[in-house]
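Nothing in this text is a laboratory measurement; each read-out follows from the coordinates by a stated rule. Nothing here was measured: the structure is a model prediction, and the numbers come from that model. Cβ placement follows ideal geometry from the backbone for every residue including glycine, while neighbour counts extend to all protein chains displayed.
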Amino acid sequence: MTNLKTSLIITLAIYLYSVMGVYAQDVETVDVDPASYQTGKWRISLDAGLCFRTGSTKDQKKDLIAQGFDKGVVDDYMTDITRGFKGAGQIHYMVAEHYGIGLDYNFFNSGGEINGYLNTGGGTIVYANAEDDVFINYLGASFYSDGRILKSRIKAYSQVSLGLTMFREETLYTYSPMVFTGNTLGMNLELGLEYFFQKNLSLGAGLNYFVSTLSKIKIDDGYSTETVELDDDESENLNHLDLNVGLRYYF
């Protein structure tokens, strides 16, 4: 939990710094009237992109190599399960010209497979495989802010949210299925730009940093379930960095 608290504090500090830095540059003498391309109190955004989990995989790699899997195969497998697809949606109500409150939803999915012949000792060689599908859903209460960039249709925006992270990993190891699930606190920070190509419609691009750590997990092997409390050095680091693009609609 200490690592999670530290990450949340750092993330929030970065967000507050970015808000003060960007919006200090918001100039009132803008040639383009904002009302000519943006009206309404509601903002909806839909995004898709690439996601990169930032937690260390060193121990997992060591375990797989110790079991007999080739290092190159292990590296490829860990790359597959730590990089994936991200989908997201947000809705905000603008309580002031540059500030809004709403909901932030994010979905992450990745998957990988590893195969190999393992020497179990005594001259016995067995074929082993492992498959993983990872799903991370997140829903949080969000604070949004934006600012115009001088004389253009481009806006800088940021949002920070705090909410519930829902983790699920479906694993198949040597043909034995297992499901790991858990819920925990999460925080998402987003910074980005958007360009209004027509009234109330813009194309945006953003960079997200998501922070969450799972300290309790439920294990289901199809016959029984068990809930396990994880030590700090065993906790599941769900932090990830996202690059996304999408549409924003104002009404």
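Couplings 3J(HN,Hα) of region 45-52, computed from phi: 10, 10, 9, 9, x, 10, 10, 10 Hz, in residue order, whole Hz [Karplus 6.51 cos²θ - 1.76 cosθ + 1.60, θ = phi - 60°; x for Gly and Pro]. Sequence-distant contacts, meaning Cα pairs under 8 Å at least 6 residues apart, place the relative contact order of region 110-230 at 19 percent.
Residues K216, K61, K71, K86, ranked from the fewest to the most other C-beta atoms within 10 Å, line up as K71, K216, K61, K86. Among rounded, prolate and oblate, which fits region 37-162 when a ≥ b ≥ c are the square roots of the eigenvalues of its C-alpha gyration tensor, a/c under 1.5 means rounded, and a/b larger than b/c means prolate? Note, shape of region 37-162 comes out prolate.
The aspartates and glutamates within cross-link reach of K58, meaning a Cα-to-Cα straight distance under 18 Å and a gap of 8 or more places when in the same chain, are D70, D75, D76, D80, E113, D132, D231, D232, D233, E234, E236.
Counting beta carbons within 10 Å around each of Y157, Y223 and listing the fewest first gives the order Y223, Y157.
Backbone geometry of region 137-152 corresponds, through the Karplus equation with coefficients 6.51, -1.76 and 1.60 at θ = phi - 60°, to 3J(HN,Hα) couplings of 10, 9, 9, x, 7, 10, 10, 10, 8, 8, x, 6, 9, 6, 9, 8 Hz, x marking Gly and Pro. Efficiency by 1/(1 + (r/R0)^6): what FRET value for D221 and L243, r their Cβ-Cβ distance, R0 = 22 Å, to the nearest 0.05? So, using R0 = 22 Å, E works out to roughly 0.05. If R0 is 45 Å, what FRET efficiency do you get for M178 and L46 from their C-beta distance, rounded to 0.05? Once the sixth-power term is evaluated, E becomes 0.85.
Backbone geometry of region 193-200 corresponds, through the Karplus equation with coefficients 6.51, -1.76 and 1.60 at θ = phi - 60°, to 3J(HN,Hα) couplings of 10, 9, 10, 7, 8, 7, 4, 6 Hz, x marking Gly and Pro.
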